[in-house]
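The values are calculated or read from the model by the stated rules, or taken from the named source; none is laboratory data. It should be emphasised that the depicted structure is a prediction, and the values quoted were computed from it without experimental measurement. Here the Cβ positions follow ideal geometry from the backbone for every residue, glycine too, while neighbour counts run over all protein chains shown.
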């Protein structure tokens, strides 16, 4: 069995070789048709677009992305072509939670007097919500699919056309009441609840007061040009952005305007990366129908802190053209 692996995936060397006959490590953004034509499995990150252009005529039978997000995979094409795919949900949830916590510390907003709107309450959003509640902050949770499921299961009651006792609020409530709005959704462009440009020009125009915006989910969830205009107009007090539209060619003016701007590294703890690699290896083993226990050892390393977060932002602002370099060679950091 031949496996193509993104060469930036850590802790996988010496492990995948225990499963595969042939392993080829390549830069994720450079993987092409010639590379994959005789491969059985791809283990990638978000920099590899897995679609008909890459896959048609190849022998690929499984794609594993060592990430939570999977919008770089054309799932419809893969399913039609009989190619299995899987992601690593929740692998770096703790890491992103710590990023948000430190970002609020760094901006002076980790205080009980602030109300936080968490948009998307999956693996990451639920941890963020619980962490900030433990800090004494009021948290509003917005997750339409989960709210719909809650209503379907009759876990809340409708009175006068409104659902009572729900765990969730709608987006308009978040806009109206939250001092901080943090996004933790996947990026989707179809279905009943698309998230692409969820925070668009209209969203920002409807904010009655000036919240802090945080996006550590997917770049396209927040319309970057609309956010920039909202910052210019004073509709938004400030922003913390880790995921950007058009990466690595991010909007330079937006980068200059935000309080904290980092190169898509919120989930880049050693622990989160190890979780993703472990889940990826286990997915390949399941595909092969074999028992396999990954043997991954994490190094001692410093934890993310307010100081390192601000250093990451300063470096990117000074060298925006080095986005991929900073991301691909991010220092080893542990979760607290």
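Odds and ends about this structure:
- Qualifying residue in segment 302-316 (condition: surrounded by 14 or more Cβ atoms within 10 Å (Cβ to Cβ) and more than 22 Å from the chain's Cα centre (by Cα)): no
- Verdict on residue 218 being out of contact with any strand residue (DSSP E or B) (no Cβ under 8 Å at 6 or more places or on another chain), assigned by TED's automatic domain parsing to the domain that holds residue 120 and surrounded by fewer than 22 Cβ atoms within 10 Å (Cβ to Cβ): no
- Residue match in segment 92-104 (condition: in contact with a strand residue (DSSP E or B) (Cβ under 8 Å, 6 or more places away or on another chain), in contact (Cβ under 8 Å) with a residue 24 or more places away in the chain and surrounded by fewer than 22 Cβ atoms within 10 Å (Cβ to Cβ)): no
- Across segment 3-19, the number of residues qualifying as in contact with a helix residue (DSSP H, G or I) (Cβ under 9 Å, 6 or more places away or on another chain) and either without any contact (Cβ under 8 Å) to a residue 60 or more places away in the chain or closer than 19 Å to residue 68 by Cα (or both) comes to 9.
- Take the conditions (1) at pLDDT 95 or above; (2) more than 24 Å from residue 44 (Cα to Cα); (3) in contact with a strand residue (DSSP E or B) (Cβ under 7 Å, 6 or more places away or on another chain); (4) outside the structural domain of residue 109 (by TED's automatic domain parsing); residue 283 misses just one of them, which is (2).
- Matching residues, segment 137-182, being surrounded by 13 or more Cβ atoms within 10 Å (Cβ to Cβ), assigned to a strand (DSSP E or B) and at pLDDT below 90: 163
- Residues satisfying the stated conditions in segment 92-116, i.e. at pLDDT 95 or above and not in a helix (DSSP H, G or I): 107, 108, 109, 110, 111, 112, 113, 114, 115, 116
- Pairs linking a residue in segment 262-290 that is at positive phi to a residue that is crowded, with 21+ Cβ neighbours inside 10 Å and modelled with pLDDT of 95 or more, with Cβ atoms under 6 Å and 6 or more positions apart or on different chains, are 264/242; 264/243.
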